[in-house]
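A short write-up of the structure that comes next.
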Amino acid sequence: MAEGKHAGALGAVYEAKGADEVAALYDRWSETYDHEMAIAGYRHPSICLALLARHLPRGASPLLDAGAGTGLIGEWLDIMGYPHVEALDISEGMLAKAAGKGAYK
């Protein structure tokens, strides 16, 4: 566990020794990430979306979701009026999940 704060997959990510290890860990985690983070009370996507909507007019385009993961923010961006969003992430597994949601161009 990373400094006693995080267990499981998140702890393993924090303890990773390099980008390749981080990508591999997220690839494996991609199947359960959304569910596990919801249970953990992960609210960063909704906070980021609220801040973005406050400062960026609807329809602004294109947007880049860097660190898109499974597309938790991307699927809401379209609903909120941002129709052209590109995704970038270190994990192909996470991007595959995001692609399945159809949230990104």
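Mind checking which pairs have a first residue in segment 17-37 that is more than 13 Å from residue 69 (Cβ to Cβ) and open to solvent by less than 80 Å² (accessible area, probe 1.4 Å) and a second that is outside any helix (DSSP H, G or I) and not acidic (Asp, Glu), Cβ under 8 Å, 6 or more apart or different chains?
Going by the 8 Å Cβ cut-off, the qualifying pairs are 19/90.
Select, from 73, 47, 39, the only residue that is of a type in the set (Val, Ile, Thr), more than 11 Å from residue 97 (Cα to Cα) and within 11 Å of the chain's Cα centre (by Cα).
73
Going through segment 7-16 one residue at a time, which ones are open to solvent by 30 Å² or more (accessible area, probe 1.4 Å) and outside any loop (DSSP other than H, G, I, E, B)?
Answer for segment 7-16, where residues must be open to solvent by 30 Å² or more (accessible area, probe 1.4 Å) and outside any loop (DSSP other than H, G, I, E, B): 8, 9, 10, 12, 14, 15.
Check off (1) at pLDDT below 95; (2) among the small types (Gly, Ala, Ser); (3) outside any loop (DSSP other than H, G, I, E, B); (4) within 13 Å of the chain's Cα centre (by Cα) for residue 103 and give me the number that stays unchecked.
(3)
Could you list all residues from segment 42-85 that are loosely packed, with under 15 Cβ neighbours inside 10 Å, of a type in the set (Ser, Thr, Tyr) and either modelled with pLDDT of 95 or more or part of a helix (DSSP H, G or I) (or both)?
Within segment 42-85, 46 is the sole residue that qualifies.
The values are calculated or read from the model by the stated rules, or taken from the named source; none is laboratory data. Just so we're clear, the structure is a prediction, and the values are computed from it rather than from any experiment. Glycine also receives a Cβ, built like all others from the backbone with ideal geometry; neighbour counts cover every protein chain displayed. Keep in mind that these areas ignore ligands, DNA and RNA; they rest on the heavy atoms of the full protein, side chains included. Shrake-Rupley method; radii C 1.70, N 1.55, O 1.52, S 1.80 Å.
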